[in-house]
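Asker: What follows is a structure written as structure tokens; I'll ask about it next.
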Amino acid sequence: MSTSLSQEDIDYIREGYRLFGDGDPAFLDRFTSDATLVFPETLPKGGTYGSPWEALQYFNNVGELFEDPHPDPEEFIRDGDRLVVLGHFHGRARATGERVAIRFAHVTRLTGVEGPLSQQRYAAFELFIDTAAVAAAITGQGTG
């Protein structure tokens, strides 16, 4: 059962991405303190983290690998306690100078099945991204 998102919900989501893009740690307040965050194992610092603060290792590493890293959320889908955000990750790889726009999906589990997103927290987060494109950008090794 898909729930449509209000403009307020979408604005709230976009604000979280803006905070992240600005390097403002306030975006972490949207997670529960024991949220599980999962990033592809093949990415630098990828793996499963047991809290948003632990996951800062991953987030900070993105800033070391890319100049002006920022996700651009484009589509928003809510189904009960699931929120899916589709978009493109933008940045310039520091090692190669290559500008990237790599498609991603962020899948989040909310603390509740209904109600405005501003009253929810993220209990789990998983990143899906073209890891080969990320690797090619940061190493200069083409994907074939």
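The values are calculated or read from the model by the stated rules, or taken from the named source; none is laboratory data. Just so we're clear, the structure is a prediction, and the values are computed from it rather than from any experiment. FYI the Cβ positions are ideal-geometry reconstructions off the backbone, even for glycines, and counts take in every protein chain you see. Only protein heavy atoms, including side chains, enter the accessible area calculation; ligands, DNA and RNA are left aside. Shrake-Rupley method; radii C 1.70, N 1.55, O 1.52, S 1.80 Å.
Asker: What do you get for the angle between helix 56-65 and the principal long axis of the chain? Use alpha-carbon atoms, 0 to 90 degrees, nearest ten.
Answerer: Orientation of helix 56-65: about 40 degrees from the principal axis.
Asker: Hey, if you put +1 on the Cβ of every Lys and Arg and -1 on every Asp and Glu Cβ in the stretch 1-123, which of Phe27, Ile13, Asn60 ends up farthest toward the positive end of that dipole?
Answerer: Value: Asn60.
Asker: Next question. Let me test this: with uniform point scatterers at the alpha carbons of the chain, what is the Debye-based log₁₀ I(q)/I(0) at q = 0.08, 0.12, 0.15 1/Å?
Answerer: Each listed q maps to, in turn, -0.21, -0.48, -0.74.
Asker: What length, rounded to one decimal in nm, is gained on full extension from Ala123 through to Asp24, with 0.36 nm per residue of separation minus their alpha-carbon distance? Let's see the in-between values first.
Answerer: Details: separation 99, 0.36 × 99 = 35.64 nm, distance 1.98 nm.
Separation in residues times 0.36 nm, less the Cα-Cα distance, equals 33.7 nm.
Asker: Can you compute the modelled spin-label distance between Gln141 and Ser51, with each label point 7 Å from Cα toward Cβ, in nm?
Answerer: 3.5 nm
Asker: Residue-wise, which Karplus ³J(HN,Hα) couplings in Hz belong to the stretch 89-102, taking 6.51 cos²θ - 1.76 cosθ + 1.60, θ = phi - 60°, and x for glycine or proline?
Answerer: Ordered by residue, 3J(HN,Hα) equals 8, 10, x, 10, 5, 5, 6, 10, x, 6, 7, 10, 9, 10 Hz.
Asker: Which order do Ile129, Ile13 take when ranked by solvent-accessible area (1.4 Å probe, heavy atoms of all protein chains), largest first?
Answerer: On the way: Ile129 35, Ile13 5 Å².
Ranking Ile129, Ile13 by accessible area, largest first, yields Ile129, Ile13.
Asker: Against the longest principal axis of the chain, how steep is helix 7-21, in degrees 0 to 90 to the nearest 10, with axes from Cα atoms?
Answerer: Roughly 30 degrees between the two axes.
Asker: Right, another one. How much accessible area does Arg92 have with a 1.4 Å probe, in Å² rounded to the nearest 10?
Answerer: 80 Å²
Asker: Now for a separate question. Through the Karplus equation 6.51 cos²θ - 1.76 cosθ + 1.60, θ set to phi - 60°, convert the phi angles of the stretch 34-49 into ³J(HN,Hα) values in whole Hz; use x for Gly and Pro.
Answerer: 10, 4, 9, 10, 10, 10, x, 4, 7, 8, x, 6, x, x, 10, 10
Asker: What does the extension gain come out to for Asp130 and Glu8, with contour length at 0.36 nm per residue minus their alpha carbon separation? Could the numbers behind the result be given before it?
Answerer: Values: separation 122, 0.36 × 122 = 43.92 nm, distance 2.99 nm.
Separation in residues times 0.36 nm, less the Cα-Cα distance, equals 40.9 nm.
Asker: Pop out the ³J(HN,Hα) list for the stretch 122-138 in order, Karplus 6.51 cos²θ - 1.76 cosθ + 1.60 with θ = phi - 60°, rounded to Hz; leave Gly and Pro as x.
Answerer: Whole-Hz 3J(HN,Hα) from phi for the stretch 122-138: 8, 8, 7, 8, 9, 9, 10, 8, 6, 5, 5, 5, 5, 4, 4, 5, 8.
Asker: Additional query: Using a probe of 1.4 angstrom, how much of the accessible area of the chain is carbon and sulfur, in percent?
Answerer: 49 percent
Asker: Then there is this: Semi-axes of the equivalent ellipsoid for the stretch 77-144, please: Cα gyration tensor eigenvalues, times 5, square-rooted, ordered largest first, whole Å.
Answerer: Numbers: eigenvalues 210, 22, 15 Å².
Equivalent ellipsoid semi-axes, largest first: 32, 11, 9 Å.
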